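Notes to accompany the following structure.
The values are calculated or read from the model by the stated rules, or taken from the named source; none is laboratory data. What you see is a predicted model, and the numbers here were worked out from it, not measured in a lab. We place every Cβ from the backbone using ideal geometry, glycine too, and count neighbours over all the protein chains shown.
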Amino acid sequence: MKKLFEPDGIAIAGASTNPTKAGYVALRNMKEKEYPGKVYPINPNETEILGYKCYKALSEIEGNVDLVVLIMPARLIYDIMDDFDKRMEEKHDVKYIVCAAADYAETQTEEGVRRQARLMQSAEKYGVRVIGPNCIGVIDNRTKVDTTFVDTGVPFSEFGEPTGITFISQSGALASAVLMEGAGRVFPVLYNKFISIGNMADIDFVDLLEYLENDDTTKVIGMYMEGYRDGRKLAETLRRITAKKPVVILKVGRSEKGSKAANSHTGSMAGADNVYDAMFKQYGVIRVDTIDELIDTMQALDALPLPKGKNHFLYSQAGGPGIYCTDAIAAAKNLETPLVSEETKERLRASQLPMANICSPEGYADITASASVANHVDGLRIVLEDDAVDSVTFITVVPTFLPQIELANALVEMEKSIPEDRKKPVYYCVMAGAYTAPARKIMEENGLCTFNTPDKAVKAADNMTRYALYRARKAGEE
Amino acid sequence: MALKAYNEIESAAYLAENGICTVKSRILTEGSAEEIAAAAAELGFPAVMKILSDDILHKTDAGCVVLNIRSEEEMAAAYEKIMANALAFRADARIQGVVAEQMIPSGLEALVGVSTDPQFGQVLMVGLGGVLVELLKAVSLRVIPVSRADAEEMLDETPLAQACKGLRGSVYNREEIIDILMKVSAMVEKDPAIREIDINPLMLYGDGRPATAVDAVVIREVEN
């Protein structure tokens, strides 16, 4: 699938000069990301769009085209594919089609099914692989390919380097939401690859998973799924991949009504949800329930080392949030209370203000609201040095007298001073809202994982630990 | 291909062959003194007797179950009563005989089963058994084959895990349940034609007596 993510020449059918149209936004995204390859808009009524020369037909493009993106209204598919056939007879160059438009077989109407059949007839004839229809297409933020028509509202320059997170979605709208929510975070998330697969007329979950399995830039795979026809094959593929890299899935259809809605949506058969759930548990897939949990968990898996075990310490600067978080940790299935050494307790006491609560109950410290930057950082370092601790949730509420930028920088320095092989995951909960965004941004830019509320931090910690335990178990079985 | 549901005697025999402890039973077809004496000698008392007929599904409703039989005389009387009630219930019922089986003491009722999912194939299930199964939904599933670690995790997802740590003075045997789950998984791997197994109840005792499949149904896919 290299040519899908690194195409030599992209043609866009349905390109538009109207800034509200998908056929314009897709071009603008590619322009803004400075995609270095050739882009060929197709629109019979225009000569140029956004500086790209416009063509009347696919068959008229002189240069090589590896990837064709179809964003035009679905009713035009017959003419487009006739022109596509003409090109293939002459040039034989296209390898991939991304059919972004909707109104194909997912409508379960005779006309919709016929349109999809027309698309696939030419694709099969020339051995061209198809993504979609009914999707938003693909993004590769390393090669700067972006066929989507999603406007995140965040300038591309504000994102950092691409993460190791690759996301596959059966729903285009949900894919957009994951893109947009990621972009809207304090430090915008730039996904590695992003694929919306829609109706899966050709390329499906398993095809992509098999590719991503050996894709070195993909460290974490995220998925939104409604259903897949070959459960056994999906299960076998997932089992193989989770032994190497984590897979996080937001699968819908838990309720009977939801399951019915899924069936009529992408037109896929959703199997019994409780069997999917069992399979996910069995094969080390992390199933999440919300979009927030999905992004939080993918980010944590991408940024942090896996914990060695279940022992999770709660290090809080505030009583109420600390207790709130204690309940969340107690409810988490994969987290347990560490018993740190007497020496650690002594060192902790010595590093904190006299009123600090050290390990009462065990596995918990409340360093109190008067804690200085040094109190925050020194105590956390001591906790991380104890062998009984596998991971930590850190909570601070940042009163006005606590310099947040200084705190953020000190935490980053502390993390950087720990050698790679001794690093443990820390889930930094910097409460809350807009006020702490500057501190969180600095931390995130430097590879730390931050959260605005304790429950989100604990969810990510629980998911990470579950996966770590699965990997350890698998390693033991081999 | 067609589905064949094995009757309770065949199903129990199938499970017994695969190392699962089942209730001892015999099929009586004559009701003669010799047949009764032989059954009594093998099963002991108390015993339960019920009709064996594909035409009578709800045996209790048809008056075709007798509990707590304590002597050969009671066994003979039960045989006559069950036969008479069966024919009264449905004169043309096909009757294979009367089953006599050990009446085993009550314990903690668990459930072990196999079902077939159209997408994932055979799925193993464990949980609390008895009549409240539907209500409690306290079951855990995994796709077959299951590993030992899977079986451990399954058990931990049900209230049986707590019972194995101690429940009202009884400590139920965790290893034994895991062993049965592994056996059922292996059974399906060996015989992929199995579509469904329903062991309910699997009676558990917290005192060293073996977990026993009291009632079981096996459904296999067979050649027409």
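For A:Ala468, state whether it is in a helix (DSSP H, G or I) and either touching a strand residue (DSSP E or B) at 6+ places or on another chain (Cβ under 7 Å) or without any contact (Cβ under 8 Å) to a residue 40 or more places away in the chain (or both).
So A:Ala468 fails the test.
Do any helices (runs of 4 or more DSSP H) entirely within the range B:147-208 hold 3 or more residues that are touching a residue at least 40 places away in the same chain (Cβ under 8 Å), in the same structural domain as B:Asp117 (by TED's automatic domain parsing) and surrounded by 18 or more Cβ atoms within 10 Å (Cβ to Cβ), and if so, which?
The qualifying helices (runs of 4 or more DSSP H) are B:174-190.
Given A:Tyr470, A:Tyr435, which one is more than 20 Å from A:Leu314 (Cβ to Cβ), among the aromatic types (Phe, Trp, Tyr) and within 14 Å of chain B (Cβ to nearest Cβ)?
Exactly one residue qualifies, and that residue is A:Tyr470.
Checking B:Arg94 against (1) surrounded by 15 or more Cβ atoms within 10 Å (Cβ to Cβ); (2) away from chain A (no Cβ under 11 Å), only one condition comes out false. Which one?
Going through (1) surrounded by 15 or more Cβ atoms within 10 Å (Cβ to Cβ); (2) away from chain A (no Cβ under 11 Å) one by one, B:Arg94 breaks only (1).
Looking only at the range A:379-434, count how many residues are surrounded by fewer than 14 Cβ atoms within 10 Å (Cβ to Cβ) and in a loop (DSSP other than H, G, I, E, B).
Summing the residues that are surrounded by fewer than 14 Cβ atoms within 10 Å (Cβ to Cβ) and in a loop (DSSP other than H, G, I, E, B) in the range A:379-434 gives 8.
Name the residues in the range B:60-76 that are loosely packed, with under 13 Cβ neighbours inside 10 Å and of a type in the set (A, V, I, L, M), would you?
B:Leu67
I'd like to check something: does the range B:153-163 contain any residue that is away from every other protein chain (no Cβ under 14 Å) and touching a Pro at 6+ places or on another chain (Cβ under 7 Å)?
No: zero hits.
For B:Gln122, only one of the following conditions fails: (1) assigned to a helix (DSSP H, G or I); (2) within 14 Å of chain A (Cβ to nearest Cβ). What is its number?
Evaluating B:Gln122 over (1) assigned to a helix (DSSP H, G or I); (2) within 14 Å of chain A (Cβ to nearest Cβ) leaves (1) as the failure.
Cβ-Cβ under 8 Å, sequence separation 6+ or interchain: first residue in the range A:227-238 and at the interface with another protein chain (Cβ under 8 Å from one of its Cβ atoms) and farther than 13 Å from A:Phe280 by Cβ, partner modelled with pLDDT of 90 or more and surrounded by fewer than 23 Cβ atoms within 10 Å (Cβ to Cβ). Which pairs?
Qualifying pairs under 8 Å: A:Asp230/A:Val206; A:Arg232/B:Phe120; A:Arg232/B:Gly121.
Looking only at residues that are closer than 14 Å to A:Ser16 by Cα and of a type in the set (Asp, Glu) in the range A:26-66, which one is surrounded by the fewest Cβ atoms within 10 Å (Cβ to Cβ)?
Looking at the filtered set, the residue picked out is A:Glu48.
Considering only residues that are more than 14 Å from every other protein chain (Cβ to nearest Cβ) and closer than 21 Å to B:Ala5 by Cβ, look in the range B:97-119 and name the one that is surrounded by the most Cβ atoms within 10 Å (Cβ to Cβ).
B:Val98
Any idea which of (1) surrounded by 21 or more Cβ atoms within 10 Å (Cβ to Cβ); (2) of a type in the set (Val, Ile, Thr); (3) in a helix (DSSP H, G or I) is the one A:Val248 doesn't satisfy?
Condition not satisfied by A:Val248: (3).
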